[in-house]
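Structure record follows, encoded as structure tokens.
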Amino acid sequence: MITADEAIERLKLGNRQFVDNIQNEDTLSKYPRPAELVYEQEPFAIILGCSDARVPAEIVFNQGLGDLFVIRVAGNIVAPSQIGSIEFAAAKFGTPLVVVLGHTQCGAVTTTLEELQQPTENQSPNLRTIVDRVRPSVEKLLKTDLAGDRDALIHAGVRANVAKSVHRLRNGSDILEQLISDGQLKIVGAEYAVETGEVAFLDDTIQA
């Protein structure tokens with residue numbers, strides 16, 4: 001298994017290929033056939049991404065069958081089922097990297113900000129569970145100068161929400177914390193730009 005840093009570089013390369021529309025025999029030949037994955041898999045990265053139809057992780061990172069262990073949920077939020085899925089992949093397969101992948105123009109973040117500014121009556125309790133998990137990362141932004149600039153507010157909200165999910169994963173699981181402490185796992189944040197197709201890996205200076 002490759003290291004976490006090597007996994008990041010592989011994802012960056014794949015994204016550059018996606019942006020440059022590189023789909024030749026060299027990239028396609030690495031994809032195994034389904035029969036080769038019947039009895040085992042070795043995903044080199046775990047992606048916690050948004051359910052948004054514009055952000056399929058395998059495609060935007062130019063990866064094939066068996067390469068990524070992908071968990072998708074609106075707003076790339078962290079709930080017990082997501083933590084359990086990541087624990088499983090990290091412990092079972094020895095996958096060294098978790099990427100929380102947010103994206104520009106995120107509907108879950110936008111909806112949460114709109115709810116905070118103008119609450120909806122009789123909102124679905126299921127939708128509210130998503131809003132409630134996004135809320136802590138974006139609520140404080142409404143008390144800043146960003147509140148008057150919708151686009152800047154959403155952009156900051158997306159990154160703050162990614163940072164919050166990264167923080168929750170790093171500090172919400174004994175299994176993940178131990179793997180991190182042992183140097184076997186790295187958890188990072190990233191943002192996909194729906195406008196360009198590019199993925200930016202985010203540093204830890206973004207406030208969670």
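Scoring GLY75 on the criteria (1) surrounded by 23 or more Cβ atoms within 10 Å (Cβ to Cβ); (2) assigned to a strand (DSSP E or B) leaves a single failure, condition (2). Going through (1) closer than 25 Å to SER81 by Cα; (2) surrounded by fewer than 21 Cβ atoms within 10 Å (Cβ to Cβ); (3) among the hydrophobic types (A, V, I, L, M, F, W, C) one by one, ALA147 falls short only on (1).
Considering only residues in the stretch 47-72 that are touching a Phe, Trp or Tyr at 6+ places or on another chain (Cβ under 8 Å), of a type in the set (A, V, I, L, M, F, W, C) and crowded, with 18+ Cβ neighbours inside 10 Å, the one that is farthest from GLU198 (Cα to Cα) turns out to be PHE69. Report, by residue number, each residue of the stretch 177-205 that is outside any loop (DSSP other than H, G, I, E, B) and more than 16 Å from the chain's Cα centre (by Cα). The answer is GLU177, GLN178, LEU179, ILE180, SER181. Scanning the stretch 155-204 for residues that are buried (at least 21 other Cβ atoms within 10 Å of the Cβ), closer than 27 Å to GLN117 by Cα and among the β-branched types (Val, Ile, Thr) yields a count of 3.
Tell me, please, whether a residue that is modelled with pLDDT of 95 or more, under 15 Å from VAL98 (Cβ atoms) and either part of a strand (DSSP E or B) or among the basic types (Lys, Arg) (or both) can be found in the stretch 143-164. Yes.
Annotation: GLN63 fulfils all but one of (1) polar (S, T, N, Q); (2) at pLDDT below 95; (3) not in a loop (DSSP other than H, G, I, E, B); the unmet one is (3).
Output yes when any residue across the stretch 170-184 is over 26 Å from GLU9 (Cβ atoms) and charged (D, E, K, R), and no when none is. Yes, because at least one residue in the stretch 170-184 is over 26 Å from GLU9 (Cβ atoms) and charged (D, E, K, R).
Within the stretch 88-103, the residues that satisfy the criterion of being buried (at least 19 other Cβ atoms within 10 Å of the Cβ) and either more than 20 Å from LEU202 (Cβ to Cβ) or of a type outside the set (A, V, I, L, M, F, W, C) (or both) are ALA89, ALA90, THR95, PRO96, GLY102, HIS103.
When VAL38 is tested against (1) farther than 14 Å from ASP67 by Cβ; (2) hydrophobic (A, V, I, L, M, F, W, C); (3) at pLDDT 95 or above, just one condition goes unmet, and that condition is (3). Annotation note: of THR95, THR129, THR111, the sole residue that is under 30 Å from GLU177 (Cβ atoms), more than 13 Å from the chain's Cα centre (by Cα) and part of a helix (DSSP H, G or I) is THR129. Listed by first and then second residue, the pairs linking a residue in the stretch 147-167 that is more than 16 Å from ALA74 (Cα to Cα) to a residue that is of a type in the set (Val, Ile, Thr), with Cβ atoms under 7 Å apart and 6 or more places separating them unless they lie on different chains, are HIS155/THR104. Annotation: of all residues in the stretch 104-124 being aliphatic (A, V, I, L, M) and within 25 Å of VAL199 (Cα to Cα), the one that is surrounded by the most Cβ atoms within 10 Å (Cβ to Cβ) is VAL109.
The values are calculated or read from the model by the stated rules, or taken from the named source; none is laboratory data. Worth saying up front: this structure is predicted, and the values here are computed from it rather than measured. Because the Cβ atoms are built from the backbone with ideal geometry, glycine has one as well, and the counts that use them run over all protein chains shown.
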